Amino acid sequence: MTITSPRQQARRTYSRFDSPGWVGKVLIDALGDASAGRVLDLGCGGGALSLAALSRWQVSELVTVDIDPIAGDEIRQALTPEQAATHRHLRADVMSFLSDGIDGLRSGSLDIVISNPPYRMARWTPGMAPILERAGLPACTTIYGDVPVDMIFVAQALHLVRAGGSLGLILPDSVISGVALAPFRRALLDKHRVARVIQLPRRAFKGTDAQAYVIVIQREGCSTSVQLDRILADGSWLEPVYVGLDQATRRMDHGYHRVGFPKVIAGQRALRELGVVATRGNLSSVQIASSQTPTFHTTDFPTFTGSTVTLPPLTLLRNADIWADAGDVLVARVDRRLERKVALVAGGTARLSDCVIRLRCPLGISERVVRGLASTQGQDQLRSAARGTGARHIAMGTLLDIVV
Ligand SMILES: C[S@@+](CC[C@H](N)C(=O)[O-])C[C@H]1O[C@@H](n2cnc3c(N)ncnc32)[C@H](O)[C@@H]1O
C-alpha cells in the first residue's frame, strides 16, 4: 500500500506546487518598495509568497485564501506572533463568485494581491462569465469548453485590488505566450499597466516542468511598453528587453523577443514575408501505423539538421491528404528537440504526420529557408518559439515569423 502525505495529496487534488523561497523574493522585489497596507495571497499554500512579502514590507493586514484544508494551519505555524496578530486565513474556492463583502474581501479593498495559482484547466461554468466580465477580461475557452484556472485567479485578483494597486502573479507559459490567450493579454494591456514579465528558469518549481513567469500588473494603470526579463538556471539575469503593446499581445516572453532581434540583420526576412506557406500534416499515429502509402513522421528526420531527405518515388495514388514533394522544407511541429528536426525534400513524395509542418516555398528559395532554419540563429529562433513542457510544440503562425 502506498502512503501519501497530506502535501502529496494536495499536490494531486489542488495542483499545489509551492514556490521556493527565492521565487517569492523575486516576485516581491519585482513589485518594488510598495508601502504595502492590505495584502492578499490568493492560493497561499504554505505561504511562501506571504512570508517573502512580510520580510520586506510593512503589512497592515495579511489575508490568505486557499481551498486546501491544511493550508491555513501551515501558514499560521510559519508566522511570528506579531505577524499572526494581523493575519486572517479564509478557506475558499477562488473559482466561484466571491461576492462583495464576504469576510471583508470587497472589490478594490486590497493594496496588493500576490498569487501563484494552480496551472490546470477547469470545466467552464456560466458562473465564471461574471468573474471575467467584472474584471474586463474575455473568456478564452478551449474547443472542449475548458478554461485555464489561472485566468480566473487573475480576474479575481483584479477585482479585489484597488485602482492603482498592484498584482504580483506567477503565471504559466500559456498566459504569457499561448496563441489562444492573445485576446486575454490584449485586454490586460489595454485596461491595466503590465509593468514587467520575468521569465523564470525551467524547473523553478519542484515536481513540475512548467515554464513560469512573474508578472507585475498595476490595476487601471496605462501600459506603453513592457519590460521583459529572464533569469537563467544559474541565477544570472539577462539584459531586459522592452516591447510595445502589439508585440506584448503576441507574446510576453523574453526568450522569444530577444531572439527576435535578428530581424535587424540586413537582407533577412520573415518566412511569411518571403511567401512561404505553412501546412500541417494530417495523419494521426494510428493512421500512420495502418497506412499503405509512404508517410513521413518526426522519427524520419535525418540525423543532421537541415540535410536532405529522399522520399519514396512518386505515387499515382495521391488523395486529399497533405503530401510533401521535392523542394518542400519539413519541420517538426511537436518534438522534444524540434529545433533539430528540419529537412529539405530532395525528391519523391509522402503523406505527412500531424506532428510535421510542410513549408512550401516560392521558386528558388527552399535552400535559403532550410539553411536559415538549420543555422545556429535559426535553431535559436525555433527553440524560443516552441512552447510546452516535455514534447514541445510550435504554432504555424509563430514559425512564419522566423527570419532567414
Ligand atoms: C501552485 S500552488 C502555490 C502555493 C503558494 N502560493 C506558493 O507559491 O508556494 C497553488 C495553490 O492554489 C491552491 N488552490 C488550487 N485551487 C484552488 C481554488 N479553486 N481556490 C483556492 N485555492 C486553490 C492550492 O491548494 C495551492 O496551495
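Report summary: the helix-based calculation at 222 nm, which adds -39500 (n - 2.57) for every DSSP H run with n ≥ 4 and divides by the residues of the chain, gives -7500 deg cm²/dmol.
Counted by neighbouring Cβ atoms within 10 Å, the residues 222, 361 run from fewest to most as 222, 361. Projecting the Cα positions of 161, 57, 94 onto the charge dipole of region 6-255 (unit charges on Cβ atoms of Lys, Arg, Asp and Glu, taken about the Cα centre) puts 94 furthest along the positive direction. Simple rule: put +1 on each Lys or Arg Cβ and -1 on each Asp or Glu Cβ in the chain, find the dipole, and look at 386, 24, 400; the Cα lying farthest toward the positive end is 400. In terms of the mean number of neighbouring beta-carbon atoms within 10 Å, the peptides 224-234, 189-199 order highest first as 189-199, 224-234. From least to most packed, judged by other beta carbons within 10 angstrom and beginning with the fewest, 115, 375, 366 follow the order 375, 366, 115. When the charge dipole of region 74-173 is built from unit charges on Cβ atoms (+1 for Lys and Arg, -1 for Asp and Glu) and taken about the Cα centre, the candidate among 114, 142, 83 whose Cα reaches farthest toward its positive end is 83.
For the pair residue 303 and residue 124, a Förster radius of 56 Å applied to the C-beta separation gives a FRET efficiency near 0.80, rounded to the nearest 0.05. Listed from fewest to most Cβ neighbours within 10 Å, the set 393, 87 follows the order 393, 87.
We did not get these values from a lab; they are worked out from the coordinates using the rules stated. This is a predicted model, so every value here is computed, not measured. In this analysis, Cβ positions are derived from the backbone assuming ideal geometry, glycine residues included, and neighbour counts consider all displayed protein chains.
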